[in-house]
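Chemist: One structure, as structure tokens, below. Some questions next.
The values are calculated or read from the model by the stated rules, or taken from the named source; none is laboratory data. Values in this document were obtained by computation on a predicted structure and should not be read as measured data. Please note: Cβ atoms are built from the backbone with ideal geometry, for glycine as well, and neighbour counts cover all protein chains shown.
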Number of protein chains: 4
Amino acid sequence: MDLKEVRTTARERMKGFCKVCPVCDGRACAGEVPGMGGLGTASSFKDNVIALAERRLNMRLMHDAVDPDTSVELFGKTLGIPVFAAPIGGVSFNMGGEISEEEYVDGVLDGCRELGILGCTGDGVPPFISESGFAAITRLGGAGIPFIKPWEDKELFEKLDKAVATGADVVGMDIDAAGLITLKKMGRPVSPKPVAKLAEIIKRYPAKFIVKGVMTPDEARLARDAGAAGIVVSNHGGRVLDHTPGVARVLPGVAAAVKGEIAVIADGGVRTGTDVLKMLALGADAVMIGRPISVAVVGGLKEGVVAYLEQVRAQLTQAMVMTGTAKASGVDKGILFEG
Amino acid sequence: MDLKEVRTTARERMKGFCKVCPVCDGRACAGEVPGMGGLGTASSFKDNVIALAERRLNMRLMHDAVDPDTSVELFGKTLGIPVFAAPIGGVSFNMGGEISEEEYVDGVLDGCRELGILGCTGDGVPPFISESGFAAITRLGGAGIPFIKPWEDKELFEKLDKAVATGADVVGMDIDAAGLITLKKMGRPVSPKPVAKLAEIIKRYPAKFIVKGVMTPDEARLARDAGAAGIVVSNHGGRVLDHTPGVARVLPGVAAAVKGEIAVIADGGVRTGTDVLKMLALGADAVMIGRPISVAVVGGLKEGVVAYLEQVRAQLTQAMVMTGTAKASGVDKGILFEG
Amino acid sequence: MDLKEVRTTARERMKGFCKVCPVCDGRACAGEVPGMGGLGTASSFKDNVIALAERRLNMRLMHDAVDPDTSVELFGKTLGIPVFAAPIGGVSFNMGGEISEEEYVDGVLDGCRELGILGCTGDGVPPFISESGFAAITRLGGAGIPFIKPWEDKELFEKLDKAVATGADVVGMDIDAAGLITLKKMGRPVSPKPVAKLAEIIKRYPAKFIVKGVMTPDEARLARDAGAAGIVVSNHGGRVLDHTPGVARVLPGVAAAVKGEIAVIADGGVRTGTDVLKMLALGADAVMIGRPISVAVVGGLKEGVVAYLEQVRAQLTQAMVMTGTAKASGVDKGILFEG
Amino acid sequence: MDLKEVRTTARERMKGFCKVCPVCDGRACAGEVPGMGGLGTASSFKDNVIALAERRLNMRLMHDAVDPDTSVELFGKTLGIPVFAAPIGGVSFNMGGEISEEEYVDGVLDGCRELGILGCTGDGVPPFISESGFAAITRLGGAGIPFIKPWEDKELFEKLDKAVATGADVVGMDIDAAGLITLKKMGRPVSPKPVAKLAEIIKRYPAKFIVKGVMTPDEARLARDAGAAGIVVSNHGGRVLDHTPGVARVLPGVAAAVKGEIAVIADGGVRTGTDVLKMLALGADAVMIGRPISVAVVGGLKEGVVAYLEQVRAQLTQAMVMTGTAKASGVDKGILFEG
């Protein structure tokens, strides 16, 4: 399937929700929450893209990294490329509803499977969001990572129980959703989790636990101390707090705090394989990709996702050749230009 | 009342005076004085907004600041949120005159009262500006802060006498209005006040005295030495001198000079509750909000002001949750990203 | 005469040569030489404006500088404001020719006289450019400063002889015109002047000599050593070399080299009285204003110039009040914000 | 031939491939590969132009550099100006094909000859690209530099054999083409060359060897160690890797590593003679010019190239006069403004 066609279809299907811009940078959709935009002035969304764009790569051609290895080992699994599909839900109110929540989740997870990677599934107030995800992961024998929002105990544990029951051996919680006052108003409070509470939650389940929404070195250490197997450095796509720094801006500090102890996944502004390589050079073990995958699945279901991810893999491969990077699991910081 | 509707009404009523832009940043109205714009190139107005936007917040979610306290104590009063409505007058020549000066002042003061905060009232050459303010404050039993321009002695003392007679126990002077050559040409000179003169004025009245228009650490100390109970760090919305720095840019230095001794109020570019939190982190005890409240009152009178301030309170609450800030009266500088 | 009307008339008369933009910043006319633009990408012209705009002023209101003195002493004369009209010629090919060279020069010089300052006159290949200037200065008994281009000896001395014969006791040479290859192609070579040559030229005349086109501290010292009474820090309005720094960017270094020994005049991007004050704070003794005066004289002859200069004086006065500056001859560097 | 006319003709002939913008900066054609644009977001192309524009020149006029010498000695030859035409091929798929590959190459090489400089010729999958170049150089008795892509051994040596057979005593390889995955997909792999391999290639031929595509000091040293007579600091016009730094940004470091040992040629963003002078001041011995020469030859064949290069020479001459630079072979770093 041709990616250009996927994008054209997505542009039609997401009309009023996403313009499918040449570069997805948060300008056209500023303030559109619900929708695909960033909160308020969208400065958090925009800075995800800007902070990545500010970093430049040293080009090197005198080496033998002719056939680079794009795979990485993470959570005991081998991933074809160091990429996860981010947990995103709410197709009807965020993307226009031209495809169903089930089609969305299936397309993402099946597409990821083709590339040898894992898709994450989302959560929300309407039960069908998490249920669609659980069903898809169950169908794939656990090949997916269910993310649950930081609800209060009863709802949280009910959902985590279901998440683990899918067969998934890695689960996650996006604590960055805690600022969604809308949920609280709907009588479904979410909240920050003190480290002791987090440790209690993590201990309760046999699965590897990912904490999403870490933006500072101190909280990276807290997540590690609470028993997390990995963190996602993320400002939730700029949808929960205006004026946070872009992820690429905080990543080096966060990674320095816990790198090698737990997995560090960077989520914010990644659009291309070149962006993936930059995030690895900045300290990530892998990245999450959000909006571009949403566009791909709305525009072409599984085939759209595959087309997009194959492009990412090709770009990553080329960028590795052009920087002399032999393995995605061992990216040298020195490929970043400092000047 | 819906804030979107308030803004739509304001856009109609302020036609030719204010475009009620998505972000009120000084670009569309550059040079429009009288009107709602900044003087000259409007660089002082613009930099108020830019200097705030440049500061970014560290997002933290592993804590128990679930129900943050937005109140602060200032001038012996408890304020529901750390916000004052700025002293603004001249509805007819600055805003189009679709509502009267009395309606304006009443809307602002009554709206503030709903949120448990205080509105300030303005001053000018036409007597009805200050008189409208005095009347409204008197009606509310002193619940408001009358601001007087830096006139020469006779007019100054006459007006301050009336200000105190309203029952207000806090009064202010916006010395930043001293550059208004127009007033001098109309035979109504305003002027800077040397510290000895300022001390004499302050001593004359039993009320707590606020000096508005302090932009440097040295003048913050002078204001304190003259007996001021508080200062407003302000460039008068960029309407009296082109090319001053934005308030958020000078605030840390000014606050460092007098913090804890007198109240430090930041006035410049605050649009949202997130901006309020940034100003507190930069050293302010509270903020003043100008143009957005003018738009709210012109668009919806008291109800417009309430709708706007409730939004500010909700944004401030969410921003406090998302940064782990438990109390508005004790904001940690560490919530600001340094990188 | 109303300045708005002057600008409207100028916009009509200069059609195709100058758009009389809200802020004269070099963008609309990039590359228009001849015309009113900067050479090439106009980056030198633009940076004159940008470098000034980047500097910000500390606002101070606790002082007694209520009636600031805008006058300065320079070259043994008292100037009402620290401003010279820059030497500009070629009305026909640069400005559209709707007024004559004589009208232009007379308007500038007579207008300056009203404000108690001096206008400079220009030079070029067609003899009427310098002749118009000489005639006007002669008519005013020497009240003007004739500038001669850096021709080769014969033409240079003939013109300087005439310049001195006007009665002017200050004359100048714009060595920055030396890059005008067009002149050389027309068989009228101009060239840089080594310091020995410059000293010889200066010694030959009894008048005080101003060297215009100094952009580095080392050449400021050379000009002083050659006997110059003053220098003009100038990139010739960005018309002779693309990609020079803006004048406000090099001024502090240049001024530090010779301040107090010879007069330092800053020429580049000054549009308002606030800009004048910034240049003084950056180390200038006075400024030159170019394009805005051209627009004023084309739009309103002498009256246009007077209207413009009165506005500059009013802005300068207000900016002095708002920064606590009592005398234009003693501007404190501390009025510039460093942050 | 008038350059304006050349550009107008080029705009018609390159319709859909190049807009012939006022400043060729990579914005209008972002992502157009094939075509004339930069890869992806075109940030590498854009930064070539931006990095040059950021550097500013010190203007100096008190000296005797009245008739500067623009020539340089390189590879045992005297060049009239320190400029090479970059190796560019593929007129049909990159430029619209309104002129033939032969007309293109002949125009470039003949035009360069008029100015006393050398044109380079390109390479690609269709044989006529390199063959056109070899034919033109042979016709000129070796007056040109053939560049070969980094093919695998058989194709590489076959082409280099032919290159040397043209009579050229300088040949080059653009290793920066190694990332062109398209070539690999067409069964014609190109690849990076480890230093030992590079040494083997260079040793095999009697010609002086230029390695194009060096962007770091370490690879500059490797190229020198491998026996290269010169390097071209180049990101291939931003067409092989998005997000590299602009050439002017890395040039000082690269030049410092090998200056004086081997020739350093800077290729990226040079549009004017002023840009040439900046590159020399930043450490280059000469520059390459790409797109502007393509536009010139498509718009006016040999005459177009001559008109463009004469303009570059005139601009370079003027910039040398205005900075006090007597010889292009000895440019003082001090002509760059540091501030």
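Chemist: Taking segment B:223-254, which residues are buried (at least 24 other Cβ atoms within 10 Å of the Cβ), out of contact with any Gly (no Cβ under 8 Å at 6 or more places or on another chain) and at the interface with chain C (Cβ under 9 Å from one of its Cβ atoms)?
Modeler: Matches in segment B:223-254: B:ALA223 only.
Chemist: So the check is Cβ under 6 Å with 6+ separation or different chains; which pairs have a first residue in segment D:253-265 that's touching a residue at least 24 places away in the same chain (Cβ under 8 Å) and a second one that's of a type in the set (Val, Ile, Thr)?
Modeler: D:VAL254/D:VAL233; D:ALA255/D:VAL264; D:ILE265/D:VAL232
Chemist: Shifting gears a bit: Inspect segment B:27-47 for any residue being surrounded by fewer than 24 Cβ atoms within 10 Å (Cβ to Cβ), within 30 Å of A:GLY179 (Cβ to Cβ) and out of contact with any Pro (no Cβ under 7 Å at 6 or more places or on another chain) and give the result as yes or no.
Modeler: Scanning segment B:27-47 turns up at least one residue that is surrounded by fewer than 24 Cβ atoms within 10 Å (Cβ to Cβ), within 30 Å of A:GLY179 (Cβ to Cβ) and out of contact with any Pro (no Cβ under 7 Å at 6 or more places or on another chain).
Chemist: Out of segment D:187-200, which residues are assigned to a helix (DSSP H, G or I) and crowded, with 22+ Cβ neighbours inside 10 Å?
Modeler: Matches in segment D:187-200: D:LEU198 only.
For (1) among the charged types (D, E, K, R); (2) within 30 Å of B:GLN315 (Cα to Cα); (3) modelled with pLDDT under 95; (4) over 16 Å from the mean Cα position of the chain (by Cα), each residue gets a yes or a no:
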position: A:LEU241; (1), (2), (3), (4): no, yes, no, yes
position: A:PRO252; (1), (2), (3), (4): no, yes, no, yes
position: A:ALA284; (1), (2), (3), (4): no, no, no, no
position: A:VAL297; (1), (2), (3), (4): no, no, no, no
position: A:LEU301; (1), (2), (3), (4): no, no, no, yes
position: A:ALA326; (1), (2), (3), (4): no, no, no, yes
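Chemist: Now for a different question. Would you check if there is a residue in segment D:8-20 being touching an Asp or Glu at 6+ places or on another chain (Cβ under 6 Å) and touching a residue at least 24 places away in the same chain (Cβ under 8 Å)? Break it down into steps so the answer makes sense when it comes.
Modeler: Quick first cut of segment D:8-20, residues touching an Asp or Glu at 6+ places or on another chain (Cβ under 6 Å) only: D:13.
This time we only want the ones that are touching a residue at least 24 places away in the same chain (Cβ under 8 Å), so: D:13.
Yes, segment D:8-20 has at least one match.
Chemist: From (1) under 26 Å from D:ARG56 (Cα atoms); (2) within 11 Å of another protein chain (Cβ to nearest Cβ), pick out the condition that doesn't hold for C:ASN58.
Modeler: The one condition C:ASN58 does not meet is (1).
Chemist: Okay, next question. Considering each of D:LEU156, D:LEU140 in turn, give the residue that is modelled with pLDDT of 95 or more, among the aliphatic types (A, V, I, L, M) and within 20 Å of the chain's Cα centre (by Cα). Steps first, please.
Modeler: On the way: D:LEU156 fails: within 20 Å of the chain's Cα centre (by Cα).
Selected residue: D:LEU140, the only one of D:LEU156, D:LEU140 that is modelled with pLDDT of 95 or more, among the aliphatic types (A, V, I, L, M) and within 20 Å of the chain's Cα centre (by Cα).
Chemist: Okay, next question. State whether the residues of segment A:187-199 include one that is within 8 Å of chain B (Cβ to nearest Cβ), more than 17 Å from the chain's Cα centre (by Cα) and farther than 23 Å from A:LEU156 by Cβ.
Modeler: Within segment A:187-199, the subset within 8 Å of chain B (Cβ to nearest Cβ) is A:191-195, A:198.
Now restrict to residues that are more than 17 Å from the chain's Cα centre (by Cα): A:191-195, A:198.
Now narrow it down to the ones that are farther than 23 Å from A:LEU156 by Cβ: none.
Scanning segment A:187-199 turns up no residue that is within 8 Å of chain B (Cβ to nearest Cβ), more than 17 Å from the chain's Cα centre (by Cα) and farther than 23 Å from A:LEU156 by Cβ.
Chemist: Kindly evaluate C:LYS184 against the criterion of being free of Cβ contacts under 8 Å to residues at least 40 places away in the same chain and either more than 28 Å from D:VAL270 (Cα to Cα) or outside any strand (DSSP E or B) (or both). Spell out how you get there, then give the answer.
Modeler: Numbers: free of Cβ contacts under 8 Å to residues at least 40 places away in the same chain: yes; either more than 28 Å from D:VAL270 (Cα to Cα) or outside any strand (DSSP E or B) (or both): yes.
Against the criterion (free of Cβ contacts under 8 Å to residues at least 40 places away in the same chain and either more than 28 Å from D:VAL270 (Cα to Cα) or outside any strand (DSSP E or B) (or both)), C:LYS184 qualifies.
Chemist: Further question on the same structure: Looking at (1) within 21 Å of A:LEU52 (Cβ to Cβ); (2) within 10 Å of another protein chain (Cβ to nearest Cβ), find the lone condition where A:ALA281 falls short.
Modeler: (2)
Chemist: Name every residue in segment B:255-272 that is out of contact with any strand residue (DSSP E or B) (no Cβ under 9 Å at 6 or more places or on another chain) and buried (at least 24 other Cβ atoms within 10 Å of the Cβ), in order of residue number.
Modeler: B:GLY269
Okay, residues lined up against (1) at pLDDT 95 or above; (2) under 18 Å from C:CYS24 (Cα atoms); (3) within 13 Å of the chain's Cα centre (by Cα); (4) not charged (D, E, K, R):
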| position | (1), (2), (3), (4) |
| --- | --- |
| C:ASN235 | yes, yes, yes, yes |
| C:ALA248 | yes, yes, no, yes |
| C:ALA255 | yes, no, no, yes |
| C:VAL258 | yes, no, no, yes |
| C:THR272 | yes, yes, no, yes |
| C:LYS278 | yes, yes, no, no |
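Chemist: Mind checking which pairs have a first residue in segment B:203-220 that is crowded, with 21+ Cβ neighbours inside 10 Å and a second that is of a type in the set (S, T, N, Q), Cβ under 7 Å, 6 or more apart or different chains?
Modeler: Here the result reads B:LYS212/B:SER234; B:GLY213/B:SER234; B:MET215/B:ASN235; B:MET215/B:THR244; B:MET215/C:ASN58; B:THR216/C:ASN58, each pair linking segment B:203-220 to a residue that is of a type in the set (S, T, N, Q).
Chemist: Report yes if some residue within segment C:170-181 is in contact (Cβ under 8 Å) with a residue 24 or more places away in the chain, of a type outside the set (Val, Ile, Thr) and surrounded by fewer than 17 Cβ atoms within 10 Å (Cβ to Cβ); otherwise report no. Walk me through it before giving the result.
Modeler: We begin by selecting, within segment C:170-181, every residue in contact (Cβ under 8 Å) with a residue 24 or more places away in the chain; these are C:170-180.
Within this subset, residues satisfying the condition of being of a type outside the set (Val, Ile, Thr) are C:172-174, C:176-180.
Next cut, surrounded by fewer than 17 Cβ atoms within 10 Å (Cβ to Cβ) only: none.
For segment C:170-181, residues in contact (Cβ under 8 Å) with a residue 24 or more places away in the chain, of a type outside the set (Val, Ile, Thr) and surrounded by fewer than 17 Cβ atoms within 10 Å (Cβ to Cβ): absent.
Chemist: Which of the strands (runs of 3 or more DSSP E) contained wholly in segment A:202-312 include at least 1 residues that are over 19 Å from A:THR121 (Cβ atoms)?
Modeler: Correct list: A:208-214, A:230-234, A:263-267.
Chemist: What about C:ILE117, is it touching a Ser or Thr at 6+ places or on another chain (Cβ under 7 Å) and of a type in the set (A, V, I, L, M)?
Modeler: Working: touching a Ser or Thr at 6+ places or on another chain (Cβ under 7 Å): no; of a type in the set (A, V, I, L, M): yes.
The answer is no for C:ILE117.
Chemist: Let me ask something else. Take the residues in segment A:8-34 that are in contact with a helix residue (DSSP H, G or I) (Cβ under 6 Å, 6 or more places away or on another chain) and not β-branched (Val, Ile, Thr), then tell me which one is nearest to the other protein chains (Cβ to nearest Cβ).
Modeler: Of segment A:8-34, the ones in contact with a helix residue (DSSP H, G or I) (Cβ under 6 Å, 6 or more places away or on another chain) are A:9-10, A:13-14, A:17, A:20, A:24-26, A:34.
Restricting the remaining residues to those that are not β-branched (Val, Ile, Thr) gives A:10, A:13-14, A:17, A:24-26, A:34.
Values: A:ALA10: 18, A:ARG13: 23, A:MET14: 21, A:PHE17: 18, A:CYS24: 11, A:ASP25: 10, A:GLY26: 14, A:PRO34: 15 Å.
Among them, the one singled out is A:ASP25.
Chemist: Can I ask one more? For segment C:196-205, check the following and say yes or no: at least one residue is of a type in the set (Asp, Glu) and in contact with a Lys or Arg (Cβ under 8 Å, 6 or more places away or on another chain). Before you say what the answer is, go through the steps one by one.
Modeler: Start the filter on segment C:196-205 by keeping residues that are of a type in the set (Asp, Glu), which leaves C:200.
Retained after the next criterion (residues that are in contact with a Lys or Arg (Cβ under 8 Å, 6 or more places away or on another chain)): none.
Checked segment C:196-205: no residue is of a type in the set (Asp, Glu) and in contact with a Lys or Arg (Cβ under 8 Å, 6 or more places away or on another chain).
Chemist: When you check C:ASP161 against the structure, is it farther than 23 Å from C:VAL264 by Cβ and either surrounded by fewer than 24 Cβ atoms within 10 Å (Cβ to Cβ) or within 13 Å of chain D (Cβ to nearest Cβ) (or both), yes or no? Walk me through it before giving the result.
Modeler: Values: farther than 23 Å from C:VAL264 by Cβ: yes; either surrounded by fewer than 24 Cβ atoms within 10 Å (Cβ to Cβ) or within 13 Å of chain D (Cβ to nearest Cβ) (or both): yes.
Against the criterion (farther than 23 Å from C:VAL264 by Cβ and either surrounded by fewer than 24 Cβ atoms within 10 Å (Cβ to Cβ) or within 13 Å of chain D (Cβ to nearest Cβ) (or both)), C:ASP161 qualifies.
Chemist: Another question about this same structure. Does A:ILE88 satisfy the condition of being touching a Leu at 6+ places or on another chain (Cβ under 6 Å), among the hydrophobic types (A, V, I, L, M, F, W, C), surrounded by 24 or more Cβ atoms within 10 Å (Cβ to Cβ) and under 20 Å from A:GLY268 (Cα atoms)? Show your work before the answer.
Modeler: Values: touching a Leu at 6+ places or on another chain (Cβ under 6 Å): no; among the hydrophobic types (A, V, I, L, M, F, W, C): yes; surrounded by 24 or more Cβ atoms within 10 Å (Cβ to Cβ): yes; under 20 Å from A:GLY268 (Cα atoms): yes.
In short, no.
Chemist: Looking for whichever is closer than 22 Å to B:ILE335 by Cα and among the basic types (Lys, Arg) here; the options are A:ARG188, A:ARG249. Which one fits?
Modeler: Values: A:ARG188 fails: closer than 22 Å to B:ILE335 by Cα.
From the options A:ARG188, A:ARG249, the qualifying one is A:ARG249.
Chemist: Could I ask something else about it? Looking at B:VAL49, is it outside any strand (DSSP E or B), under 20 Å from the mean Cα position of the chain (by Cα), of a type in the set (Val, Ile, Thr) and within 11 Å of chain A (Cβ to nearest Cβ)? Give the derivation first.
Modeler: On the way: outside any strand (DSSP E or B): yes; under 20 Å from the mean Cα position of the chain (by Cα): yes; of a type in the set (Val, Ile, Thr): yes; within 11 Å of chain A (Cβ to nearest Cβ): yes.
The answer is yes for B:VAL49.
Chemist: Here is a list: C:ILE117, C:ILE99, C:ILE129, C:ILE137. Which entry is closer than 25 Å to C:LEU316 by Cα and away from chain D (no Cβ under 14 Å)? Reasoning before the result, please.
Modeler: On the way: C:ILE99 fails: closer than 25 Å to C:LEU316 by Cα; C:ILE129 fails: closer than 25 Å to C:LEU316 by Cα; C:ILE137 fails: closer than 25 Å to C:LEU316 by Cα.
Of C:ILE117, C:ILE99, C:ILE129, C:ILE137, the one residue that is closer than 25 Å to C:LEU316 by Cα and away from chain D (no Cβ under 14 Å) is C:ILE117.
Chemist: Something else now. Within segment A:313-337, which residues are in a loop (DSSP other than H, G, I, E, B), crowded, with 21+ Cβ neighbours inside 10 Å and touching a strand residue (DSSP E or B) at 6+ places or on another chain (Cβ under 7 Å)?
Modeler: Quick first cut of segment A:313-337, residues in a loop (DSSP other than H, G, I, E, B) only: A:324-326, A:328-332, A:337.
Within this subset, residues satisfying the condition of being crowded, with 21+ Cβ neighbours inside 10 Å are A:324-325, A:328, A:331.
Answer for segment A:313-337, where residues must be in a loop (DSSP other than H, G, I, E, B), crowded, with 21+ Cβ neighbours inside 10 Å and touching a strand residue (DSSP E or B) at 6+ places or on another chain (Cβ under 7 Å): just A:ALA328.
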